[in-house]
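Below you'll find the structure, written out as structure tokens, and then a few comments.
The values are calculated or read from the model by the stated rules, or taken from the named source; none is laboratory data. Keep in mind it's a predicted model, so treat the numbers as computed, not measured. Glycine gets a Cβ as well: all are built from the backbone with ideal geometry, and neighbour counts include every protein chain shown.
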Amino acid sequence: MRFAKYHVCRHDIIVAKEREADLDCKLLCHRRLGIGADSLAFITASEHADAGLVVYKADGRANVFCGDALLCAAKHIYDNQWVRRRSMTIETAGRTVELLWTLSNGEADRVTADLGEASQSGKPIYNPYVPLRLVTLGQPYLIVETERLDGAPVNTLGKKLAHSPNYQQGIDVVFAMVPEQKKISLRIWAHGIGEVPCDGTAACSAAVAAMAQYKCDQSVTVQMPGGDLSVVWDEDSNHIFLTGTAERIFEGEYIP
């Protein structure tokens with residue numbers, strides 16, 4: 001299997017074209033026994049878009065909606081000249097996402113993805129000690145509001161909340177602080193993986209939660225340990241736009 005490994009703010013993702021039937025996705029993502037990554041994305045054919053995308057998480061979750069994987073797949077598609085337009089569409093997890101490139105010297109640089117609508121609905125999770133908000137953007141995210149991140153109980157409370165009985169497949173937990181109107185700072189506990197340096201869809205979900213409470217502007221920079229992404233909420237369409245840069249780390253061939 002030919003593959004390329006990318007990252008968005010140190011959230012590393014393996015990208016390949018089509019999945020071979022006997023591939024073990026959890027093994028491929030394993031840091032010691034496989035290539036090593038937080039996610040694995042397969043580019044497929046699509047009848048409704050320029051390409052399809054199927055994403056697996058390192059814990060084995062399949063057909064996940066992942067903003068960072070979309071950015072990485074779009075970079076892979078553009079660099080391989082499968083689509084050489086400034087805009088492209090990718091069908092993934094029941095949504096068709098439009099992506100628009102900012103080009104630098106003819107090369108793909110930053111990309112903006114229209115992730116569609118997010119909703120603040122789902123099975124509630126109650127905790128008497130911390131304020132929680134639930135946001136669904138392709139998949140549910142639990143937002144924990146905090147006044148400081150350096151001492152936030154990400155590895156304890158985050159892990160506990162991620163295994164809520166309300167969500168049998170687990171839920172990712174986002175600790176969010178709003179230091180100013182144009183910035184949000186996050187730490188993220190990903191179910192089955194642990195704390196991750198970045199998650200674009202989590203960044204969008206946390207922004208939605210803050211924007212809904214008028215705690216920040218409708219265009220914000222989301223700061224995470226791995227780097228910064230931009231999130232915009234368009235009031236007219238009610239769509240969330242994620243902007244960031246996907247960088248290729250290396251390419252290779254996996255022979256089981």
Exercise. What number of residues within segment 19-40 are exposed (fewer than 12 other Cβ atoms within 10 Å of the Cβ) and either among the acidic types (Asp, Glu) or in contact (Cβ under 8 Å) with a residue 40 or more places away in the chain (or both)?
Worked result: 2
For this session: Being surrounded by fewer than 18 Cβ atoms within 10 Å (Cβ to Cβ) and outside any strand (DSSP E or B) is the filter; apply it to segment 215-225 and report the residue that is nearest to the chain's Cα centre (by Cα).
Result: Pro225
For this session: Inspect segment 8-15 for any residue being among the acidic types (Asp, Glu) and either free of Cβ contacts under 8 Å to residues at least 60 places away in the same chain or in contact with a Pro (Cβ under 8 Å, 6 or more places away or on another chain) (or both) and give the result as yes or no.
Result: no
For this session: Go over the candidates Thr102, Thr44, Thr96, Thr92 one by one and state the one that is outside the structural domain of Ala202 (by TED's automatic domain parsing), closer than 28 Å to Phe175 by Cβ and either out of contact with any helix residue (DSSP H, G or I) (no Cβ under 7 Å at 6 or more places or on another chain) or at pLDDT 90 or above (or both).
Result: Thr92
Problem set entry | Flag if Cys198 is touching a strand residue (DSSP E or B) at 6+ places or on another chain (Cβ under 6 Å), assigned to a loop (DSSP other than H, G, I, E, B) and buried (at least 23 other Cβ atoms within 10 Å of the Cβ) | yes
Exercise. Quick one: is Arg110 in the same structural domain as His7 (by TED's automatic domain parsing), part of a loop (DSSP other than H, G, I, E, B) and among the basic types (Lys, Arg)?
Worked result: no
